[in-house]
Amino acid sequence: ASGIDADYYILDIPLHFNHEALALFVFIGGYAAATSMIIVETIALSTMFSNHLVLPMLLANAKLNNLFKGNFSNVIIHSRRIGIVVILSASYLYYHLLSKNYSLVSIGLISFVSVAQLMPAIIGGIFWKKGNKLGALLGLSAGFLIWVYTLVIPSLLNSFPILSQISKAGMFGFEG
């Protein structure tokens with residue numbers, strides 16, 4: 001499998017043994033899974049966008065609330081459609097700017113670490129009765145900054161060479 005990107009090993013194995021039909025079957029299965037994941041996640045994110053951002057802003061504003069007379073069904077549908085367009089556009093932009101330089105594994109690692117940093121706040125909120133909101137927010141903020149500095153910025157160096165100054169000079173220009 002030398003010279004083959006690790007993301008394509010599962011396709012290369014049947015091709016290596018001259019099983020083109022099996023490779024095609026694997027490709028179609030992967031394509032169907034990826035397509036369905038994009039559809040499900042885009043709809044879920046657009047629903048979160050309308051339910052947790054758009055509707056609370058409308059309900060908090062008395063003028064808008066009176067304007068729609070409490071009937072927000074068209075606003076919900078349109079905000080979800082706008083959310084879908086924005087999410088897919090941002091994904092397409094991400095693909096063109098960044099993903100060509102990285103494997104799925106490295107992108108997945110960065111994503112996993114970003115979600116994993118939420119776990120201490122979740123567990124602390126469940127089991128630590130003396131913990132408070134400020135401590136959780138400070139911990140999440142510190143974790144976010146460390147995540148950006150140690151994983152996001154180094155991964156963006158190939159796509160945005162201007163960030164190389166941060167990696168050479170260190171954080172805030174302090175060389176170590």
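Ignoring the sites themselves, the chain has its longest run without trypsin sites (Lys or Arg not before Pro) in a DSSP loop having at most 14 other Cβ atoms within 10 Å at 1-68.
Loop exposure criterion: chymotrypsin sites (Phe, Trp or Tyr not before Pro), DSSP state outside H, G, I, E and B, at most 13 other Cβ atoms within 10 Å. Applied to the chain, the longest stretch between such sites is 18-127.
Computed about its Cα centre, the charge dipole of the stretch 39-161 is approximately 380 debye, with only Lys, Arg, Asp and Glu carrying charge at their Cβ.
Label positions at ASP5 and ASN158, each projected 7 Å from the Cα along the C-beta direction, are separated by 0.9 nm.
Under a Cβ-Cβ cut-off of 15 Å, what is the net charge of the residues other than LEU11 that fall near it, where Lys and Arg count +1 and Asp and Glu count -1? That works out to -4. The residues of the chain have, on average, 76 Å² of accessible surface per residue, using a 1.4 Å probe with all protein chains present.
The length gained by stretching the chain between ALA21 and ALA34 to full extension, at 0.36 nm per residue less their Cα-Cα distance, is 2.7 nm. With Rh defined as the Kirkwood radius, the inverse of the mean 1/r over Cα pairs, the Rg/Rh of the chain is 1.07. Round to a whole number: what % of the accessible area of the chain belongs to carbon and sulfur, probe 1.4 Å? Carbon and sulfur: 73 percent of the exposed surface of the chain. Modelled spin-label separation between VAL75 and ILE107, with each label point placed 7 Å from Cα along the Cα-to-Cβ direction: 3.5 nm.
Given R₀ = 25 Å, FRET efficiency for THR47-SER141 by Cβ-Cβ distance, to 0.05? About 0.40, to the nearest 0.05.
Helices in the chain, meaning DSSP H runs of at least 4 residues, each add -39500 (n - 2.57). Divided by all residues, the mean residue ellipticity at 222 nm is -22000 deg cm²/dmol. Between helix 133-147 and the chain, what is the angle of the helix's C-alpha long axis to the longest principal axis, kept within 0 to 90° and rounded to the nearest 10? It works out to around 30 degrees.
The values are calculated or read from the model by the stated rules, or taken from the named source; none is laboratory data. None of the values given here were measured: they were computed from a predicted structure. Here Cβ is always computed from backbone atoms with ideal geometry, including for glycine, and neighbour counts include all displayed protein chains. Quick note on the areas: whole protein, heavy atoms, side chains included, nothing else; ligands and nucleic acids left out. Shrake-Rupley method; radii C 1.70, N 1.55, O 1.52, S 1.80 Å.
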